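The values are calculated or read from the model by the stated rules, or taken from the named source; none is laboratory data. In this text the structure is predicted, and so the values were computed from the model without any measurement. Cβ atoms come from the backbone with ideal geometry, glycine included; neighbour counts cover every protein chain shown.
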Amino acid sequence: PPLDEILNLHDFEAVAKAVLPAKAWAYYSSASDDEITIRENRAAFQRIWFRPRVLRDVSSVDWSTTILGCKSSLPVYISATALGKLGHPDGEINLTRAAAKHGVIQMIPTLASCSFDEIADAAQPGQPLFLQLYVNRDREITKKYVQHAEKRGVKALFITVDAPQLGRREKDMRMKFVDDGAGAKVQEGQQDVKKDQGVARAISSFIDPSLSWKDIPWFRSITNMHIILKGVATPEDAILAYEAGCQGIVLSNHGGRQLDTSRSGVENLIDIVAALKTKGPWPNPNFSVFVDGGVRRASDVLKAIALGASAVGIGRGFLYAFSSYGQEGVEKAIQILRALKDEFEMNMRLLGARNLSEIVPEMVDASALRAH
Ligand code: FNR
């Protein structure tokens, strides 16, 4: 369908499913084992109900914010998803260009199809970028990669901690990995590609499963970027991250692609915020809590913000947008969330919040969240 018939982020998913080659669709849409967590990521948002306030003069509302010190036109960033060229010949650069035009921040994946420099070169001067990091067994490779990214202006390092090994994504595993040139241009030293286990496992064999809390000071010693741990699920680990001197965490289950039957990030938010409140000021200017997984509507974003998230990440929503329509699709996805009369403005008015700081826990009823 023409792009102007796309009304929401779900529509992009339907188009992507219809137009993508089977292998790309399997890699993008798959989740681990019985795919229970990926369904729960959506379902959890649907168990949170709004408690809107009325008569608050909402003639003008503003949902812009800063994320880790970088201006963002939305409390949403583009989360890292690997292998963009499976979906579109321009790969991740579709996201970079659309993000520049609309003031949104992109997190570049370690396993991007475009090289890091191709993406950095496509960015506008001063455009804020984040980097998602898979840590190589050979730490010199990781060090070079991180320091190069910092030199090129990346503002924050999101170290993925929920993937010491990639999950079993059976839809993907059924498609044997055939090299069609869309593969990741990843860091050197990552040659032992196993070609019979699906795309995900084939590209990820360099990831170091020995990574531990003891490595955090090493990251601090090699970079001044903000360090965020992506894939935290418990108050225990949130506190460890805080005490290790990280600048934040992403409550994420990797879009349901890692440990199946993990809880959703938004559900974990409640206990994790409560635990962090015992450790310091809240909101804590030095420690941000992000959520991703299943976010497809501005209303989902507002629920996460109400429960204490600084911002949320969206993976598949943007991935499906560029797979279907390239850069224009991503721009449209951002506009759907942001533009006048569309999702953010309408939802904030109906909720009675003129800016993000007016979105408070009392605006949601999460009592049913734990009911299942
Ligand atoms: C991902 N995600 C991911 N995360 C990460 O840290 N490194 C990676 O290389 C990837 N690759 C990746 C590929 C694909 C196809 C998907 C769908 C996801 C996880 C991603 O950053 C994010 O956590 C989830 O996508 C969020 O869930 P939604 O928005 O896709 O529901």
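One table, with the values for the structure above:
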read-out	value
Odd one out for Arg297 among (1) within 14 Å of the ligand (Cβ to nearest atom); (2) crowded, with 24+ Cβ neighbours inside 10 Å; (3) of a type in the set (Lys, Arg)	(2)
Of all residues in region 123-178 being within 15 Å of the chain's Cα centre (by Cα) and aliphatic (A, V, I, L, M), the one that is modelled with the lowest pLDDT	Ala163
Output for region 40-93, where each listed residue is part of a helix (DSSP H, G or I) and either free of Cβ contacts under 8 Å to residues at least 12 places away in the same chain or crowded, with 19+ Cβ neighbours inside 10 Å (or both)	Glu40, Asn41, Ala44, Phe45, Gln46, Gly84, Lys85, Leu86, Ile93
Matching residues, region 72-117, being within 11 Å of the ligand (Cβ to nearest atom) and at positive phi	Leu83
Single condition Ala123 does not satisfy, out of (1) touching a residue at least 40 places away in the same chain (Cβ under 8 Å); (2) surrounded by fewer than 24 Cβ atoms within 10 Å (Cβ to Cβ)	(1)
Flag for Val289 being assigned to a strand (DSSP E or B), within 30 Å of Arg168 (Cβ to Cβ) and under 14 Å from the mean Cα position of the chain (by Cα)	yes
Residue in region 261-282 that is aromatic (Phe, Trp, Tyr), crowded, with 24+ Cβ neighbours inside 10 Å and more than 13 Å from the ligand (Cβ to nearest atom) present	no
Flag for Tyr325 being in a helix (DSSP H, G or I), near the ligand (Cβ under 10 Å from one of its atoms) and farther than 19 Å from Ala44 by Cβ	no
Filtered residue count, region 30-39, keeping only those that are assigned to a helix (DSSP H, G or I) and in contact with a helix residue (DSSP H, G or I) (Cβ under 7 Å, 6 or more places away or on another chain)	2
Residues of region 136-178 classified as hydrophobic (A, V, I, L, M, F, W, C), under 22 Å from Tyr77 (Cα atoms) and assigned to a loop (DSSP other than H, G, I, E, B), total	3
Filter result (farther than 22 Å from Ser264 by Cα and not small (Gly, Ala, Ser)) within region 9-36	Asp11, Phe12, Val15, Lys17, Val19, Leu20, Pro21, Lys23, Trp25
Yes/no for Val360 being away from the ligand (no atom under 16 Å from the Cβ), over 28 Å from Glu92 (Cβ atoms), of a type outside the set (S, T, N, Q) and modelled with pLDDT under 95	yes
Conditions (1) out of contact with any strand residue (DSSP E or B) (no Cβ under 8 Å at 6 or more places or on another chain); (2) within 14 Å of the ligand (Cβ to nearest atom); (3) modelled with pLDDT under 95; number of the one not met by Glu188	(2)
Residues that are within 11 Å of the ligand (Cβ to nearest atom) and either outside any helix (DSSP H, G or I) or surrounded by fewer than 21 Cβ atoms within 10 Å (Cβ to Cβ) (or both), drawn from region 229-260	Leu229, Lys230, Gly231, Val250, Leu251, Ser252, Asn253, Arg257, Gln258
Residue within region 138-146 that is farther than 17 Å from Leu259 by Cα, crowded, with 16+ Cβ neighbours inside 10 Å and within 13 Å of the ligand (Cβ to nearest atom) present	no
Close pairs (8 angstrom Cβ cut-off, 6 or more residues apart or separate chains): more than 11 Å from the ligand (Cβ to nearest atom) in region 18-31, modelled with pLDDT under 95 and among the hydrophobic types (A, V, I, L, M, F, W, C) anywhere	Ala22/Met175; Lys23/Met175; Lys23/Val178; Lys23/Val199
First in region 234-255 and in contact (Cβ under 8 Å) with a residue 60 or more places away in the chain, second anywhere and basic (Lys, Arg), Cβ under 9 Å, 6 or more apart	Val250/Lys230; Ser252/Lys230; Asn253/Arg263; His254/Lys230; Gly255/Arg316
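One line per residue, one yes/no per condition, for (1) at pLDDT 95 or above; (2) of a type in the set (Ser, Thr, Tyr):
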site: Ser29; (1), (2): yes, yes
site: Asp34; (1), (2): no, no
site: Arg47; (1), (2): yes, no
site: Thr81; (1), (2): yes, yes
site: Pro89; (1), (2): yes, no
